[in-house]
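Remarks on the structure that follows.
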Amino acid sequence: MVRLKKRYWIVLSILFFLILFCLFGWHYWQTFKQKNGIIVDWHGVSVGFKGLTFDELTVSKPSQVSITAKNLSISLSQLTANNLDIYWQLNESEIALETIENTVDTTTETLNQSDPELSLISTIIYWLPKTIHIDTLRLYEQNKARLDLKVDISKQQEAIQLNLSTNTQEITQLSATLLFNQQALRIDIQNGLFKTSLNQFGLQNSNLVLPFTGWLSSHQLELITSDKASISLEKANLSDDLILGSSNGDFNIQLKSNIPFDSNQLSAIATLTINKLNGIYKTSEIKSVTGDINIIIKDNQFTISTPVLNIQEVNMGIAFEKIKLVGSYLASFKAPNKGAVTWKKAQANIFSGLVFIEENKLNLAKLPQQFNLRLKQIQLKDIFKQYPSEGLAGDGVIDGVLPITLSEIKKKGETALKFVIKNGKLVTINEGYLQFENSALKSYGQNNPNMKILTDIIKNFHYTKLQGAVDYANDIAKLKLNIQGSNLDVENGKAVNLNINLEENMTKLLMSLQLSDQISEPIRKRIEAYLKNKSSK
């Protein structure tokens with residue numbers, strides 16, 4: 001009997017302490033709710049051996065945040081919910097306050113913020129259920145849907161295995177192992193993997209695979225990708241002018257960011273290795289781009305550079321082949337189009353010769369500026385071969401220099417770049433010949449006896465000197481040629497000095513050359529739309 005009474009006392013004592021603990025917890029919860037203005041509402045609550053279940057539970061702080069869970073089940077071993085909706089709302093006073101606070105010195109803001117106690121994370125992890133499963137987690141900001149996720153979390157001692165995936169057509173998956181580092185007071189991120197299929201923002205059938213590691217503290221986030229990060233896309237309409245297609249590459253990223261996020265203190269290093277890239281810029285077709293592109297973000301500036309970028313061909317009516325680029329671009333985020341371009345090499349093969357820009361630097365914030373485009377060993381016979389004209393042939397080698405002035409113009413309310421060539425020079429480096437004879441020219445000579453000698457001379461004209469002056473502005477190119485030589489079959493080879501003036505709309509000429517060649521359908525449509533628009537004006 002005594003033993004029985006002792007057992008009762010033990011049970012009653014445990015029950016008493018449980019009641020005290022619940023009352024204390026309830027009092028603390030009520031105080032916490034009142035202090036922070038939190039409202040809790042639930043429907044269909046039940047208690048059983050499997051834990052606590054709610055048909056619907058809502059926790060909210062008016063005008064700021066509201067969390068609603070449906071079919072919620074909570075126990076020591078698991079937490080599950082069919083739906084978890086989070087609504088984040090800023091009222092007008094908070095928005096105004098935030099605007100004012102943004103003008104305050106960032107150092108003062110940092111001092112006024114209370115750091116989260118990361119030392120408590122270990123305790124939080126300990127009391128978390130072993131598994132958490134949420135079929136649908138939706139985040140709304142200002143009543144606009146931002147995220148729609150499926151969440152799976154499993155606890156393994158001091159580590160958490162996190163798995164997130166989207167419930168939308170654009171499939172995105174994120175998985176990582178989160179391990180609390182007690183010594184460094186931070187969360188280490190291991191075995192991270194981000195995978196997504198991108199079919200928005202003009203992207204079609206694009207895939208991104210991003211393995212990563214890193215760590216998170218109360219003040220900083222650092223992420224590092226592995227060598228297996230890759231991106232591929234079938235097509236990307238990035239703008240009205242730029243279309244990319246059939247592209248793939250590998251990249252690495254090292255990113256550091258303060259918490260809370262401050263774009264002025266963001267630091268990142270990225271390397272993109274392009275294995276293959278094809279595209280279209282305006283009416284120019286770009287084929288097979290390969291090489292490395294390095295991106296550095298620091299102190300609110302970014303630098304894009306390439307140790308070497310190879311392009312098989314850029315066809316704009318004239319085909320530039322085996323293009324090599326070595327250079328960089330430095331600008332601030334406040335004025336991304338006002339940076340400095342520096343290049344050590346910019347060259348291409350054309351007509352069995354070479355065209356290149358001398359090593360230089362341009363500051364786009366201080367336009368106009370000038371640089372020189374040089375031509376070397378351009379073969380006349382290749383020009384006539386690739387762009388044949390009835391009865392026209394020739395041979396010779398041409399060098400030249402074209403001074404290009406780059407300036408800004410206002411076009412339809414927007415700023416655009418304008419290229420002007422003034423006093424460009426072309427000159428032959430040896431002797432050559434020109435042959436020009438067709439039915440129209442022959443008929444012209446017969447009807448005009450005074451021109452018959454000239455038409456006879458240029459049937460087989462061997463020149464000793466050929467030089468030209470080139471000017472270009474507003475799509476119009478002007479070429480003044482001076483050719484000295486003779487035709488041995490006419491007037492005993494008497495020396496002749498020919499002056500020829502040519503003028504051409506280069507945009508229309510290049511487009512007509514493209515239309516006469518084998519071009520892709522998108523290029524053809526762009527050219528036809530341009531010509532139709534011009535003819536209607």
Revision key, fill the gap. Only one of (1) over 26 Å from Ile224 (Cα atoms); (2) in a loop (DSSP other than H, G, I, E, B) does not apply to Pro336, and that is (1)
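Quick grid of which residues meet (1) in contact with a helix residue (DSSP H, G or I) (Cβ under 9 Å, 6 or more places away or on another chain); (2) within 20 Å of Asp292 (Cα to Cα); (3) in contact (Cβ under 8 Å) with a residue 12 or more places away in the chain:
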site: Ile323; (1), (2), (3): no, yes, yes
site: Trp343; (1), (2), (3): no, yes, yes
site: Gln347; (1), (2), (3): no, yes, yes
site: Glu358; (1), (2), (3): no, no, yes
site: Ala365; (1), (2), (3): no, no, yes
site: Pro388; (1), (2), (3): no, no, no
site: Gly391; (1), (2), (3): yes, no, yes
Exercise for review: State which residue is nearest to Glu431 (Cα to Cα) when the search covers only region 351-372 and only residues that are at pLDDT 95 or above and of a type in the set (A, V, I, L, M).
Suggested key: Leu354
Point to revise | Within region 354-376, tally of residues that are part of a strand (DSSP E or B), surrounded by 14 or more Cβ atoms within 10 Å (Cβ to Cβ) and either touching an Asp or Glu at 6+ places or on another chain (Cβ under 8 Å) or acidic (Asp, Glu) (or both) | key: 4
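For region 169-186, give me the residue count where each residue is of a type in the set (A, V, I, L, M, F, W, C), open to solvent by 70 Å² or more (accessible area, probe 1.4 Å) and on the phi < 0 side of the Ramachandran plot.
Going through region 169-186 one residue at a time, the tally reaches 1.
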Exercise for review: State all residues of region 293-320 that are assigned to a strand (DSSP E or B) and among the polar types (S, T, N, Q); if no residue qualifies, say none.
Suggested key: Asn294, Gln301, Thr303, Ser305, Thr306, Asn310, Gln312, Asn315
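Would you tally the residues in region 297-307 being touching a Leu at 6+ places or on another chain (Cβ under 7 Å) and loosely packed, with under 15 Cβ neighbours inside 10 Å?
Adding up the residues that qualify gives 1.
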Check your understanding: Any residue at all in region 388-410 that is at pLDDT below 90, under 22 Å from Ser512 (Cβ atoms) and in a helix (DSSP H, G or I)?
Key -> no
**Study point:** Qualifying position, being small (Gly, Ala, Ser), touching a strand residue (DSSP E or B) at 6+ places or on another chain (Cβ under 8 Å) and open to solvent by less than 30 Å² (accessible area, probe 1.4 Å), among Ala340, Ala393
**Key:** Ala340
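Just checking, how many residues over region 187-196 are open to solvent by less than 50 Å² (accessible area, probe 1.4 Å) and closer than 18 Å to Ser230 by Cβ?
2
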Point to revise | Of all residues making up region 272-285, the number that are open to solvent by 40 Å² or more (accessible area, probe 1.4 Å) and out of contact with any Ser or Thr (no Cβ under 7 Å at 6 or more places or on another chain) | key: 4
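Taking strands (runs of 3 or more DSSP E) that do not extend beyond region 196-252, which have at least 2 residues that are within 24 Å of Thr166 (Cβ to Cβ) and of a type in the set (D, E, K, R)? Let's see the steps before the verdict.
On the way: elements: 206-216, 220-225, 230-237.
It comes to 230-237.
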Review point. Got a sec? Which of Asn310, Asn248, Asn294 is more than 20 Å from Leu330 (Cα to Cα), within 18 Å of the chain's Cα centre (by Cα) and open to solvent by 30 Å² or more (accessible area, probe 1.4 Å)?
Key: Asn248
Check your understanding: For Ser536, are the conditions met, namely being at pLDDT below 80 and polar (S, T, N, Q)?
Key -> yes
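Residues being of a type in the set (A, V, I, L, M, F, W, C) and over 26 Å from Leu185 (Cβ atoms): count how many of those fall in region 207-221. Steps first, answer last, please.
Of all residues in region 207-221, those of a type in the set (A, V, I, L, M, F, W, C) come to 208-210, 212, 215-216, 221.
Of the ones still in play, those that are also over 26 Å from Leu185 (Cβ atoms) are 208-210.
Total satisfying the criteria: 3.
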Study note, to complete from the structure: Only unsatisfied item for Ile323, checking (1) part of a strand (DSSP E or B); (2) under 27 Å from Leu198 (Cβ atoms), is (2)
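The values are calculated or read from the model by the stated rules, or taken from the named source; none is laboratory data. These numbers were taken from a predicted model, which means no experiment stands behind them. With ideal geometry, Cβ positions are generated from the backbone for all residues, glycine too; neighbour counts draw on all protein chains shown. Accessible surface areas use protein heavy atoms only, side chains included; no ligands, DNA or RNA. Shrake-Rupley method; radii C 1.70, N 1.55, O 1.52, S 1.80 Å.
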